[in-house]
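Bear in mind that the values in this text are calculations on the coordinates, not laboratory data. As the structure is a computational prediction, the values presented were derived from the model and not from experiment. Neighbour counts are summed over all protein chains in view; Cβ atoms, including those assigned to glycine, are modelled from backbone coordinates with ideal geometry.
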Amino acid sequence: MTRAADADFERFVQANSTPLLRFAEMLCGDRHTAEDLVQQALMRSYPKWHRLDGDPLRYVRRVLVNRFLTSARRRWSNEVPSDPVDNDWDQRSVADFAGEVQTREAVLGALAGLTVRERAVVALRYSQDLSEAETAELLGMAGGTVKSTASRALAKLRLAPDLIDSTVGGHA
């Protein structure tokens, strides 16, 4: 790749790593697995970077989702993701941090009750703010399937005991 393409990729990684990590964590429910997914997606995108036109985030997001779906299919039946861990300590107050952790654990716990497909649809639609058509294209399914899957997933999430209504309920 050229130096300009390398610099462009580096700027992309710096600007999008955190949002991609949050998205990946919503998909898999585990911080360490999410870090691996993001790294794999970026590694697979780098060699093709100079050929990407338009929206590179869309391409990287698609690679990330495909890696997640592939790993979910290969997961051993007895393998369970470890508990989410938060390493993002900063200068906020302990109360702010504790509230965020509690909310995040409630959301990740509720998402863990969804199927892999439901989790992918919810993460793309509501975390990444993609349309039904964009989600359908990225996951390779019909728009109606996205709509019905999202509806089922949101119904399950509304029943989650520890999930704060305002966290997901506003997107129904």
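Taking Lys and Arg as +1 and Asp and Glu as -1, the other residues whose beta-carbon sits under 13 Å from that of residue 61 total +2. With 0.36 nm allotted per residue and the present C-alpha distance subtracted, the residue 14-residue 129 stretch has 39.3 nm of extension available. Along the stretch 19-25 the Karplus relation, 6.51 cos²θ - 1.76 cosθ + 1.60 evaluated at θ = phi - 60°, assigns HN-Hα couplings of x, 5, 5, 4, 4, 4, 5 Hz to successive residues, with x for each Gly and Pro. Between residue 2 and residue 155, the FRET efficiency estimated from the beta carbon spacing at R0 = 45 angstrom works out to 0.35.
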